[in-house]
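Structure record follows, encoded as structure tokens.
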Amino acid sequence: MKTLLIIDMQNAWLNNPACPCHDTDGVVERINHAAKHIRAQGGKVIFVQHVNADAPLGSAAWQVIPALQQAATDGTVQKLAADAFAATDLADQLAASATSTLYISGFASEFCIDTAVRAAASRPLQVVALADAHTTADRPHLAAPAIIAHHNWVWAGLPVTAGSTLVVRTTAEAFPG
């Protein structure tokens with residue numbers, strides 16, 4: 001089973017004009033493309049949503065941005081930390097659906113996406129970091145495109161545990177057509 005994680009693509013962070021994310025429209029388009037392919041293949045899409053003071057559970061800020069296409073069959077995970085696996089039922093959802101390949105997308109490249117990639121790669125999964133389907137904002141020390149490029153480079157060479165693989169692919173490479 002193939003599963004796509006869509007992490008923290010919420011109003012609190014993606015609809016913040018004071019701190020715009022890099023290539024939001026393109027990232028959303030590529031995530032929607034990946035989700036469409038996953039669903040068409042009988043796979044699972046899981047939306048992971050961060051809950052904190054900036055995005056209280058159930059608030060408008062907490063909601064997934066409207067540009068992302070959601071289906072009634074999609075799963076959800078609420079998280080309180082950068083790690084989507086920590087104190088959540090994500091591992092149980094992946095086990096219940098017999099996920100073998102996990103695609104990772106969303107926000108923020110250097111925080112929750114990086115943590116999810118590393119946490120997933122420590123499990124017996126085939127992990128695919130979608131190189132052009134994660135985003136972040138400029139930071140005081142580094143521009144968003146450099147942060148994204150840096151993490152794609154790190155993940156491409158990151159050693160993983162036995163029984164796991166980790167590759168970095170563009171959305172077009174992972175889901176042609």
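The values are calculated or read from the model by the stated rules, or taken from the named source; none is laboratory data. This one's a predicted model, so the numbers in the text were calculated from it and none came from an experiment. No Cβ is skipped: glycine too gets one built from the backbone with ideal geometry, and neighbour counts run over all protein chains shown. We work out accessible area using only protein heavy atoms, side chains counted, and drop any ligands, DNA or RNA first. Shrake-Rupley method; radii C 1.70, N 1.55, O 1.52, S 1.80 Å.
Per-structure values
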| item | result |
| --- | --- |
| Cα centroid of the stretch 146-173 to Cα centroid of the stretch 45-114, whole Å | 19 Å |
| Length gained when the stretch residue 16-residue 161 is fully extended (0.36 nm per residue, less Cα-Cα span) | 48.5 nm |
| Length gained when the stretch residue 83-residue 67 is fully extended (0.36 nm per residue, less Cα-Cα span) | 3.3 nm |
| Equivalent ellipsoid semi-axes - Cα gyration tensor, the stretch 1-92, angstrom | 21, 18, 10 |
| Spin-label pair residue 40/residue 150, simplified geometry with 7 Å Cα→Cβ offset, distance in nm | 3.7 nm |
| Relative contact order (percent, whole number), the stretch 24-177, Cα cutoff 8 Å, 6+ residue spacing | 22 percent |
| Of all accessible heavy-atom area on the stretch 86-171, the percent that carbon and sulfur account for (1.4 Å) | 63 percent |
| Per residue value of the accessible surface for the stretch 12-109 (all protein chains in place, 1.4 Å probe), Å² | 47 Å² |
| Counted charge near residue 73, where neighbours are those whose Cβ lies closer than 9 Å (Asp, Glu -1; Lys, Arg +1) | +1 |
| Positive-end residue of 81, 137, 167, charge dipole of the chain with Cβ unit charges | 167 |
| Answer label for Cα extents along the principal axes in Å (calculated), chosen among [x] 42, 35, 34; [y] 46, 41, 30; [z] 54, 28, 25 | [x] |
| Residue 122 versus residue 172: modelled label distance in nm, points set 7 Å from Cα along the beta carbon direction | 3.5 nm |
| ³J(HN,Hα), Karplus 6.51/-1.76/1.60, whole Hz, each residue of the stretch 82-91, x for Gly, Pro | 5, 7, 5, 8, 6, 6, 10, 9, 4, 4 |
| Backbone HN-Hα couplings from phi across the stretch 149-154 [Karplus 6.51/-1.76/1.60, Hz, Gly and Pro as x] | 4, 4, 5, 4, 5, 4 |
